[in-house]
Structures are given as C-alpha cells and as structure tokens.
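Derivation of every value follows stated rules applied to the coordinates shown; laboratory data play no part. In this text the structure is predicted, and so the values were computed from the model without any measurement. In this analysis, Cβ positions are derived from the backbone assuming ideal geometry, glycine residues included, and neighbour counts consider all displayed protein chains.
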Amino acid sequence: MATFTQITSPTPFGFYDLEADFQLEADNMVTYVKRKMGDDVLSVELTKKQIFGNFEESVLEYSSILNQYQAKSQLANYLGFPTGSMSGSEEKYPRENLEYLSRFAEPYAMEAGIGGSYNTVSGSIQLENGRQDYDIYTEMKGETGAVFFDNTKGKIKISEVYHFNPQAAYRFFDTTSAINYLNNEFSFESFTPETIFYVLPVFEDILRAGQLDLSNRVRRSNYSYRVEGTKIRLFPTPSGVGSRTKLWLRVKQYPDPNSPSYKDASIFGVSNMGNLPFGNIQYNKINSIGRQWIRQYSLALSRETLGLIRSKFGTIPVPGAEVSLNGSELITQGREDKKDLVTSLKEMLDTMTYDKIIEMQATRAENMNKQLKYVPIPNGKAIFMG
C-alpha cells in the first residue's frame, strides 16, 4: 500500500507535506478514520487522498482558531508593525508596549500643545488701519516673509491670537515684587536688583507661568476676533497701527490622517486582524492536546465526506430488494461533531486569553492571601516561605 510520501500531491494545499511528523501522522490517520467508521466489517468508500485532505484541513482549522485568539490578546502590540505572512509571529510571545495607547492619545496631546503628529506653527499678519478682515491662508507669514498656507493644504485650527509679538521670556520669580509686576506688565526684558530666585517645586513654576500667560491674554490684548471661512475678522477695526504692528497667530494644521507631518511607516503596517504577520502553526510544534483535537476533527470531516458520497444515491439495488444508504445521517453527525469540537476549543481558549490569565492570577493571589491569614504563627516566630 502506498504511503503518504509515495503519493503525488497527497493534500490540496501542501502546507505540511514536507514535515516528517505530519507525514507519519497522515498514514496513521487513514487507519484511525477507517477503523472508527467500521472498515474491518463495512466498506468505507474513502480514498487516502480524501482522508489526507481532511487531515490537512483539520490542522489548518486548529491553527486558524488559535491565531484568532492570539490576535485577541496581541493585536494592540502589533498595530503599526510591518505586515507579512508566514513570518512565525504566531509562535512568539511579544513584549507588551504602549504604542496603541500613545497613538490613541496623540490628538489629545496635540490639543494640549504637548505633542501630536501634526504641525503647529506661529506666524503674523501685517495689520492695516481701517481694515477688519484678513485672510489666514494668504496673509499669514513666517519670519522669512513666506506665506505658510494656501487653499490646497487642508484644514487649520487657530490655537492662539495675539496683537503683540510674544515675549521670549516672562519674569515669574518673586512675583510679589512691585518692580517685577511692572516688568511683567510692560514687557521690560530684564531682571531687577529686587529679583529673588527661590528654590521652589516645579509645579509652582508651572502654575505661575500659567497665571502670567492668562494675565497677558486679559490685560494686554484689546482685540477680539471671529473666524469666517478662511478669514479672521478683528474687533474693533484696527486704527492707529504702525507699519510694524502685527497680529500674531499660532495655528495647527490638519493634513490627511494617512499623511502626517512626519514620515511614519507604521501607517502602512498592521491595522487589523487580517494583516497580522501570522502564518500556519507548524505541525511539529503542536502538542498532544492539539493533535488529539485534530484527530477528532479529521474523523468528523471524513464522516461528512463519506455522507456526501453516499448521498449521491439514496438506495442501491440488490437482488430482490433495495438497500438504503446512510448518507444524510453521516452528514448530520459529521457536522454536529465539528460544531461541538470548535465550540469546546473556543470555550477553553476564552479562558486563556492574556486578559483572562491576569484575572485568574489576581484571583489566585487574593485567595492565597485569605488562606495565609489562617496559618498559625508559632510562639513569637515568623514563618519563612521559599
């Protein structure tokens, strides 16, 4: 009798045809399936290739289910990583990372002015006497005099508007000093003999800087504004302005989400379960638990296959009578067995995702602490464990 290795194209896909463990198990699977279906007594109309194909499908089904549950546990850690198949990632236990959380928090960081993936720029618009409306896209310029934006560069958001050139530094040491109050209010950029440098917690410096920033906004600015389309309208209408009087703005640019302001290859990386770099689990890496499930699933598939073969004819004639075939019963039994096997495997895997393992370990630690409360301590002696 021809063995697995002696048959040309023994399986439909050939994913495992070169693995020695799979080759040996495939020959044993033929014996297992036929005997379970009564081959020693009854005729089992299945070819070796059909059983080999069912065996391969069973291994692929087992691998697919396990990969799905690995994806549940690890998708967040793989998001943005290079895509690809058959890479071996399905057999690895990767380190946890916060890349997904950081990516998710980027818009909030951008709004707070402490990070993000989009550009924030500062520039100015030259004010003119009697003119109330100014186009942000065509008139906002940088230090070199070049226009920052045009109508083809997408949406922008105004963060801050000043009608003075923001100072490079503010005095926030010894704010109780009267002279320093004057320096801050009138932008005198110098320290005074009264300046005292305190060694204070950083959070106090942050609060003080925030207070001075708010003070500048409220006391220095005598303009309000409204944005209408691409234009900013000032209230009241500027008057008595000089040739060097400018309106200063800080704006955020919102480009295409797939084209941030810096080169980011992760945009083209893993984005969902469908492009995770998972291949089929190698058969020689599957333990005895998995192999037994695969045997039972192969048997269920073979029952269904035999049922389909026998269902071609409901009965066959014999001398003086007809014999009814059990094709429909085999199909029903095979499909029910497959469903039960998949359900039991998924139920078991549901308890083994990384999140569930953490929950179980936490419960175990809590129960252990409860038990240790009842362990008696010898007279004045501590209990040493380990």
Problem set entry | Residue pairs, from the table Lys36/Lys338; Lys49/Lys346; Lys92/Lys263; Lys48/Lys92, whose Cα atoms sit over 25 Å apart | Lys49/Lys346; Lys92/Lys263; Lys48/Lys92
Seminar exercise, completed: Taking max minus min of the Cα coordinates of region 12-123 on each principal axis, largest first, gives extents in Å of 89, 23, 23
Seminar exercise, completed: Going fewest to most other Cβ atoms within 10 Å around each Cβ, Tyr108, Tyr16, Tyr223 line up as Tyr108, Tyr223, Tyr16
Problem set entry | Neighbour-count order for Leu301, Leu349, Leu308, fewest beta carbons within 10 angstrom listed first | Leu308, Leu349, Leu301
Problem set entry | Distance in nm between pseudo-label sites at Met352 and Ser328 (7 Å out along the Cβ direction from Cα) | 3.9
For this session: Treat the count of other C-beta atoms within 10 Å as a stand-in for reagent exposure and order Val121, Val161 from fewest to most.
Result: Val121, Val161
